[in-house]
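The structure appears right after this line, and notes come after that.
The values are calculated or read from the model by the stated rules, or taken from the named source; none is laboratory data. All figures in this text were calculated on a predicted structure; none of them were measured in a lab. Neighbour counts are summed over all protein chains in view; Cβ atoms, including those assigned to glycine, are modelled from backbone coordinates with ideal geometry. These area figures cover heavy atoms from the full protein model, side chains too; ligands, DNA and RNA do not enter into them. Shrake-Rupley method; radii C 1.70, N 1.55, O 1.52, S 1.80 Å.
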Amino acid sequence: MKREVLKKISCVVIIIAIITTNNLTLFGQKSHIISGIVVSDNLDVLPGVLMTTDKAEHQYTDMEGRFKLLATPGSIVLSFQYLGCEDVNIQVNVENRDVDLGKIQLQEKAIILKEINISTTPLPYKTSVEGTNYYISPLQLKKIQPISTEEVLKMLPGVNVLGDMGISNRINVSIRGSWGRRSEKVLLLEDGSPIAPAPYTAPGIYYNPISDRIDAIEVYTGADILRYGPNNMFGIINYITPKPSQQPALRAKISGGQRGFFTGLLSYSGTWKKVGSQIEAVYKRFDGFTKHSSVNMLNLNAKIFAELAENQSLYFKISGQFEDNQASLSSITPYTFSVDPVENPFDADRFTMHRYGLDIIHKWVPDATSYLTTKIFASDFARDWWRQNNVVLKAKDVRAYVGEDVFSQRYAYLKEGAFTDNDFVRVGGTRNSRESTTDSRWHFTVNSIEETYSKTWQYSKVRHKVEAQIKLYEETYKDQVLAADSSRWARSGRITTDLAYNLYAFSGYIRNQFTLKNLDITPIIRLEKVWMYREDRLALSRDPYIATDKDLARVNQYLIFQPGLSISYKWRTMNIFTSVYKGYIAPSKYFAFLVERDGILVNPLTPQELSNIRPEESTNTELGIRGNIIDQKLSGQFALFNNRISNFYLAGWNEFFDKLGVVNISGLEATFQWDIMPMGNKHKLSIQPNFTFLNTKVIEGELVDRHLFTQIKHTTTTKQEFVEKVNSNPEGHRVYVKNSSGNDQLLTAPIKVSDLDFVSKTVYVYGEGGIRNGQAPYAPRTAVNVNIQYSYKQLAVGLGYNRVGDQYAEFANFVNESGDGGLGRIKAFNTFDMNLNYDFSIKGMRFSFFTVAKNLSNNVFVASRLNRGQSGIMPGGFRQVNAGVNILL
C-alpha cells in the first residue's frame, strides 16, 4: 500500500516538473512561452496590468511591464486591462516555438486625469511638457528610499535645498536662485493642488507630504507653468501620489534606523469594474539629528478613480496629516557648532499641526476632440508653535545668566576654559529669573473651483489644441501670537497679536498649441485679479472711533497679466525648445499692505487707505535641447536661462527693499541619462549626472537692514569686514545712528569699528555709483549631482554624490561668520549616499528588502543660516543608516 502511495506521489511530482519546464512534452504536446512588455502610448512601461486569457487564466505585469505565460500549441486570446486605458485583445497562434509579442501599447482613454497619470519613463524629464522640466520616476524613488522629499529634490538641476530641523516637514527649496526660506517663492503642489497653507497671503510651506506617500515628482520651469498660479516666477514642484492599482493588493512597509527612525505604511488598493480605490495610513517618527528635534507624523488618505461611462470619469481624494514635533526656530552658534553640533537647549519648543485636504475632479469627454474638467479643492491647516524666547550671550557669561541648575541640565557641554570675546552661545531668555515663551498660532482655509476646457482641431496643415481655464479662489488666514512670561513650558498666555486676512481671486488662462509638422508654437496668456483684506483685530478692539465695518479692513487689490510663448522643433531624435514668459510673486502679508510714495515703500497712515504695492514681476527666457543622443544609450536635456526680476521687495529674514529692487539671475542646467547596460540585459548599469551653474546680480534698489547691528552678534572679523565695505564704497552703504532726538542720523565715511555700537539701521544702495557686484543669497554658483545605479536580476545597488558650491546667506554678502551664526558665507559641501534593494517572492507574496546609508562620510557642515540672527547655524551632513521591507500581498 505504501509503495502504491509513493508511486502516485512520484507521478504527481513528475507531472508538475514537466508542466513548469519549458518546451517539454506534456501528454504529447509541447508547452511554449508567450512573453511581452506592456507600454503606454508614450512608450512608458506599465506595471500591474491585468492580463487574462480565454482559458480563465490571469496574471499581472511586473515592475518593468513584462509578462510570461506558459501555453500549449493552438490559438489563445489575451486580454489586457489597465485603469484609465483602453482594453486590448490579442489573438496568438502558438506553434512550435516561443512567442515574443514585443511591445503591446495600451491607449490612454480621453477620460484619464493628469492628476493621477504617472509616467514610468526612465528619462530624467518628460517629453510631453513644453520647456525645461525634470522628473523623478516611481522606480527611482523605490531605489533611493528617501527619508524626506528634500533628499530627492536636491538631485535635480536648478534646485537648491536649505537645511532645517526635522525631515523636510517645513521644506526650504530654491529654484534657479529664488529665496529658499519655507519655499515661499516656489509653487508646490500635490496631485496638481497647492500645499501651502495660503499660497497668496502666506506661501511658506508648513505642510509637506511624507515621502513614503509619493510615487513621482515633477519640476517645471518653462512657460507652461503659466497654467498654474500664483508664485510662478521660478518654478513649480508637483508631488504625485499613487494611482489606485489594477491588482487588488495589500501593501505594508516597515523601516527603521538610527536615531529612533521608524516608518510604518499600510495601504489597500485595487480596481473593481472600472472603479479604482485606495486607502492608506503612514506613520513616521524620528528623534532628529540634533537634541530636542523629534518628529511624529501621521497621514491618513483615501482616493477613488471611477470610469463612470465611456466619456466620463470622477476622482475623489481626501487626506489628513497630523504632526507633533519638537521644533525650534532657533539653532546654534559657531562656537556651539565647533564643540558639539547636535546641541540644542530648547527642550520645551513644540510644533503641532493638522492639515486636511479635499480634491474632487470630474472629466467629461463629449467627443474625440474635446473635454471639460471641473475641479474642486479645499484645505484646512492649523498650527501651534510654542518657542522659548532666547538671547545670545558670550560663552563666558552663560553660567551666571542661567544659574547653576539650568546650566548643568542644558549647557554642561560648555567646559570651563579660555573663552574669547568672539565665542557666543544661544540660551533661553530670562526675566526676573523666569524663562518665557511665545506661541505663533495660525489657522488657514482655502477653497477653489476651476473649469478647464480643451478642444483639438485641424485647419489646413496646422493642428490646433486650445486649452482654457477659469478659477474662483478664496483663502482665509488668522494670525495670533500668545505670550507667557512665567515658564518655558507654558501652553497658554495673553494675546499680543491678532490679525485676520481674507483674499479672493479670479484667474484664468488660454493656451493654444499650433503644430505644423515638427514645429510647435504655443502662446499662453494668464490673467489674475486679486482682492486682499487685513484686519488688526487687537488694535481695532481698542479704537473707540470705529463707525462702520468699512473702517475695519486695510485693502489691497491688483491685476496681473502674464503672457508667455513656447516654441519647439523636433529634429531627428532631439527636441529644440525656447520660451519667454512673465512670472510673478504674489504680495504676501509681509508687504501686500504697503504704499509706494516717491519710490519708497511706507505703511499707510490709516487702515482704510488703499495699498498700491505691485507684485514682484519677472521676464523669464530659456533656450534648450533634449532627446536621445545615442539611441537607447544616452539621453539628456540642456538649458540656458535668464530671469530679470523687478519690483523686488522681500529679500530675506528682516531684509527688505524699501526702494524696490531689480535682480538678474542667469545660468545653465544639464541632466543626462547614460544606460551603459540597457534594459534587456541581466546586468544593468546607468549613470545620471546633473549640473547647475548660476550667476546672480542685484542691479538696482535700496535694501534696508534694521537688524544688522541691533540683533546680530558680531565678531571682530565681521565688524572689520563691514567697515571695509563701507569705507571702500561709501555711496553703496549708508550707515545710520540714533541722534539725541531719537532720529536716524547718517554717518559719513570713513567710519570706525567703534561707530558700529550705535548703528540703528544700514542701507545698501545697488546700481550706478553704488554696489555693483552684489549677489543673491542661497544661489550657489555651481552644483553637481551624480547617481549611479547597477542591478542584476532582483538585486539593485546605487551610489549618489552631491556637491553644492559656496553660497551667501544674505544680501550683505558677508564672507566672515558672525558670533551668532546668522551671517557668513556658507562653504561648499559634499554628501555621499548608498542604497541597496533586493526583490523576492514567497508563496505569491512579493517582498522588497532595502537598506540605505545617507551622508556616508558623516562630514557635518553648515547647511543654512535659515532664520539669520533669529536662529544661527542649521547643521547638516549627519550619517543615517536605515533598513526595511516592502510587502505586497
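Under the combined filter of DSSP loop state and at most 11 neighbouring Cβ atoms within 10 Å, region 665-759 retains these trypsin sites (Lys or Arg not before Pro): 682, 752. Each residue, residue 456 and residue 741, gets one label point 7 Å from its Cα in the Cβ direction; the gap between the two is 7.2 nm. At 1.4 Å probe size, with the rest of the protein present, what percent of the exposed accessible area of region 110-194 is carbon and sulfur atoms? Exposed carbon and sulfur together represent 56 percent of the surface.
Does anything in region 226-269 have its amide N under 19 Å from the 7 Å Cα→Cβ label point of residue 849, and if so which residues? Under cut-off, by backbone N: 252-258, 263. By the scheme Lys and Arg +1, Asp and Glu -1, what is the net charge of all other residues having a beta-carbon under 10 Å from that of residue 766? Neighbourhood net charge equals 0. A 1.4 Å probe run over the protein chains yields, for the chain, 42 Å² of accessible area per residue, whole-number rounding. The local environment of residue 199, defined by Cβ-Cβ distances under 11 Å, has a net charge of -2 under the rule Lys, Arg +1 and Asp, Glu -1.
Give the carbon-plus-sulfur fraction of the accessible surface of region 695-788 in %, rounded to a whole number; probe 1.4 Å, heavy atoms of protein chains only.
47
The lysines within cross-link reach of residue 465, meaning a Cα-to-Cα straight distance under 21 Å and a gap of 8 or more places when in the same chain, are 109, 114, 126, 363, 375, 455, 517, 570. The trypsin sites (Lys or Arg not before Pro) of region 481-564 that DSSP puts in a loop, and whose beta carbon has at most 12 other beta carbons within 10 Å, are 517, 542.
Treating r as the C-beta distance of residue 757 and residue 856 and R0 as 41 Å, the FRET efficiency rounds to 0.35. For the peptides 843-855, 226-238, 873-885, the ranking by mean Cβ contacts within 10 Å, running from highest to lowest, is 226-238, 873-885, 843-855. Relative to the dominant Cα principal axis of the chain, helix 716-728 is inclined by about 80°. In plain terms, the chain from residue 521 to residue 716 could stretch by 64.4 nm, reckoned as 0.36 nm per residue minus the Cα-Cα distance.
Between amide H atoms placed 1.01 Å from N, distances below 5 Å from residue 289 occur with 166, all of them 5 or more places distant or on a separate chain. Per residue of the chain, the DSSP helices (runs of n ≥ 4 H) give a summed -39500 (n - 2.57) that works out to -2000 deg cm²/dmol at 222 nm. Label reach from residue 35 (point 7 Å along Cα→C-beta): in region 83-119, amide nitrogens under 11 Å belong to 98-102. The C-alpha atoms of the chain define a longest principal axis, and helix 2-19 lies at about 70 degrees to it. Applied to region 855-865, the Karplus parametrisation 6.51 cos²θ - 1.76 cosθ + 1.60 on θ = phi - 60° returns per-residue 3J(HN,Hα) values of 6, 4, 6, 6, 8, 6, 9, 6, 8, 5, 10 Hz, with x for Gly and Pro.
Taking label points 7 Å from Cα along the Cα-to-Cβ direction, residue 784 and residue 98 give a separation of 4.3 nm. Taking the average, over residues, of other Cβ atoms within 10 Å as the packing measure, peptides 560-573, 131-144, 810-823 rank 810-823, 131-144, 560-573 from highest down. Modelled this way, with points 7 Å down the Cα-to-C-beta line, the labels at residue 128 and residue 827 are 4.7 nm from one another.
For region 253-351, GluC sites (Glu not before Pro) meeting the loop criterion (DSSP other than H, G, I, E, B) and having at most 16 other Cβ atoms within 10 Å: 310. Within the accessible area of region 456-495, the carbon and sulfur atoms contribute 57%, probe 1.4 Å, all protein chains present. With θ taken as phi - 60° and the Karplus curve 6.51 cos²θ - 1.76 cosθ + 1.60 applied, the whole-hertz 3J(HN,Hα) list for region 116-124 is 10, 8, 9, 8, 9, 4, x, 6, x Hz, x standing for glycine and proline. Legend: calculated FRET efficiency, residue 539 to residue 632, from the Cβ-Cβ distance at R0 = 56 Å, rounded to 0.05, equals 0.25. Considering only alpha-carbon pairs that sit under 8 angstrom and 6 or more positions apart, the relative contact order computed for the chain is 9 percent.
Can you figure out the FRET efficiency of residue 43 with residue 250, using R₀ = 30 Å and their beta-carbon distance, to the nearest 0.05? My answer for the efficiency is 0.45.
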